[in-house]
1. Condition test on residue A:252, is it out of contact with any strand residue (DSSP E or B) (no Cβ under 7 Å at 6 or more places or on another chain), within 14 Å of chain B (Cβ to nearest Cβ) and touching a residue at least 40 places away in the same chain (Cβ under 8 Å)?
2. Just the residues that are more than 7 Å from chain A (Cβ to nearest Cβ) and not in a loop (DSSP other than H, G, I, E, B), please, taken from the range B:37-49.
3. Given (1) more than 21 Å from residue A:220 (Cβ to Cβ); (2) surrounded by 20 or more Cβ atoms within 10 Å (Cβ to Cβ), where does residue B:19 come up short, assuming only one miss?
4. Here is a check on your reading of the model: is residue A:473 in a loop (DSSP other than H, G, I, E, B) and free of Cβ contacts under 8 Å to residues at least 24 places away in the same chain?
5. Within the range A:125-182, considering only strands (runs of 3 or more DSSP E) that don't extend past its boundaries, which have at least 1 residues that are without any contact (Cβ under 8 Å) to a residue 24 or more places away in the chain?
6. Which one is farthest from residue A:512 (Cα to Cα) among residues in the range A:459-484 that are crowded, with 21+ Cβ neighbours inside 10 Å and under 23 Å from the mean Cα position of the chain (by Cα)?
7. Of all residues in the range A:73-84 being buried (at least 19 other Cβ atoms within 10 Å of the Cβ) and within 21 Å of residue A:241 (Cβ to Cβ), which is modelled with the lowest pLDDT?
8. Please go through the range A:311-346 and pick out each residue that is more than 10 Å from chain B (Cβ to nearest Cβ), in contact with a helix residue (DSSP H, G or I) (Cβ under 8 Å, 6 or more places away or on another chain) and under 16 Å from residue B:66 (Cα atoms).
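The values are calculated or read from the model by the stated rules, or taken from the named source; none is laboratory data. What you see is a predicted model; the values in this text were computed from it and never measured. Positions of Cβ are generated from backbone atoms using ideal geometry, with glycine treated the same way; all protein chains shown enter the neighbour counts.
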C-alpha cells in the first residue's frame, strides 16, 4: 500500500510549482497576509526552466520607452513575447506591471543592471524599440526563494502535486506525493485557493535524438502536469491544438536561441531572412529564430537546408559577451561544450534545428486577475494559454495571482476534503503502482507516448481526421495499460510514472482539440482541411473536460484591444 | 556519464543531489557517497557543478548530444 501522511496540510493558498511564477505568487500572497505553502517537485533553489538563470526580461519602462504604452503593446506583440495566440489586453496588463517587478527583483539582489544601467537587447524586429532587458539571472531562484521565505511562505521541496481537489465548484485542496525519501508518501492538502505554475509540457514529443528523452531545451521535469491537473479539475484551456515550435542547436538541445549573436544562414553563410543586414550586433542579433523557429525544419523539407547559426563574423569581444550572456541565462553548458571539444564559433557555424512542440503558452486560460475559469484556481507562467511574456509573464501574472488569491481567501471558508471520492481512487492507483512487483518501467510508456504523439498527433508534419481518431484510441489504450502494468521501485520512479499519466491526459486533449479544428493554421496543418477558415481568424479554441470525461470545445473571440 | 564527481574533492554533503532540477543525483547516506543514479536523465544544466561547495563536479557531454559544426562554404 502507498504510505499516506496522517495529517492533512492546511493552508490558504497552495502554490503548485516553485518556479518563477510560483515564487512570485507566494511572495505576493504571503506578503498580503495569506498562509501560503509552495509545493515543489525538486527544490525551488534550482528548479524548472529558470533553474540556472535567464538573461532577458521583456518590460516596459516609460523613462526608456516613452509614455505611450500602446506602442509597446503593439511592438511587443511582434516579438516572441506576443504573437497571434495572446489576448492583447493581457499583454497590456503584463507591460503595466513589468517595471515594478524589475525594481523589486533588484531589491532582492537579482542583477537587473549588470552594466550599471538598464540595457535592452535582441528579440525585436528591425526598426522597433527594444524591450528585452538584458540582466543576469544566475541567482534569480535563490533570491526569490529567500524573498518567499522572508514573506512567510512555507516551502515543501521534493513534493509533487498530482491532483487539484474541487468541491462545490471551487478549489478545496490537492493530492500530493512526498518524494524526498526512497518510499513515496501520499499527502493531502486542504486549501481555499491554488495556483498552477508547473511550466511547459516537455517530453510530450520526441526530440532530435529521441533515444535520450532528457536531451531537450526546457527543464525535463516540466511535463505538463499543470495542464493535466487543470483539465481534470474542469478548468478551461485555450489553443492547445496549436503546436508551437522552438529552435536551437541541433542534437545538443538548449533554449536561449535569442542570445546567440549570429545569423541564421544557409551552407554558404548567407542569411535565410532579411532581418539582418550586414554584421549582427548585440542589440539586434538575428530575430529569425524567434519569429520563424521552424525555419530549420522548413528549409530541410524544401531542400535548401540545413540552416546554421553563423557567428563567424564576430570579434573576440562579442564571443566573450555571448559566453557571459549564456551564463546569465543558465545555459553555460554550451560554451563548456565548445571549450571541451575545441569548437571555435568564429570558424565553424553551428547547425540549428527546430524543436518539437512543448505546449509553451498554450494552456490554462486566465483573466486579468490571473484567475482560471474554476473558482479558486489561478495559473501563471509557461502553462498559461492566452498571454505570453515568458519569464516576465510568469513573474507578473504570478504576482497578480498572489494578490488576487490573498483577497479571495478572505471571502471563503475551508471545505472538508477527506471524503472526496477521487482521493480513494488515487490511493488505489498509487498503491497498485507501488505494490506491483513486476511490470512496466515508466520509460516504456513514456517512449510509446512520444511515438504516438509524433505519428498521429504531429506538431511538425500534417494532421488528418484518421490520424487523430486512431491516435486518441491508442493514447487511451496506453493509459489503461499504464494503470494495469506500471511499476516503480522508488519515489523517483514513482514520480516519473505519475508524469507519464499526466502526459497522456494532455496528449489526448491536444488530439481532441486538433481534431475539432477543421482547418489549417500555423503549424496545425491538416491534409484533409488544407484551407484557413477565415471565420476562425482571431478566434481562440477553449476546451474543458466535464466530470464524466467528455471534452467540450468552443471558439471565442481573441481580445484585440 | 555526466556529471563527473571528483572523489578526492567530494565530501558527500549531498547539496548537488538536493538541488538537481531532475533528481538524477543521489546521496547514498549509508555509504556516504554521492552517486549519479540516473545519468541518462541528466539535463546537463550544470546546476550541480555551479553550486558544489567543493568544486568537485565537472560535466561530460555525451556523444548523444553532439553539436554539429560546419565551416561556411565560401565557394558557393
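1. So residue A:252 passes the test.
2. B:39, B:48, B:49
3. Status for residue B:19: all satisfied but (1).
4. Criteria not met by residue A:473.
5. none
6. In this case the residue turns out to be A:459.
7. Looking at the filtered set, the residue picked out is A:80.
8. Passing the criteria: only A:335.
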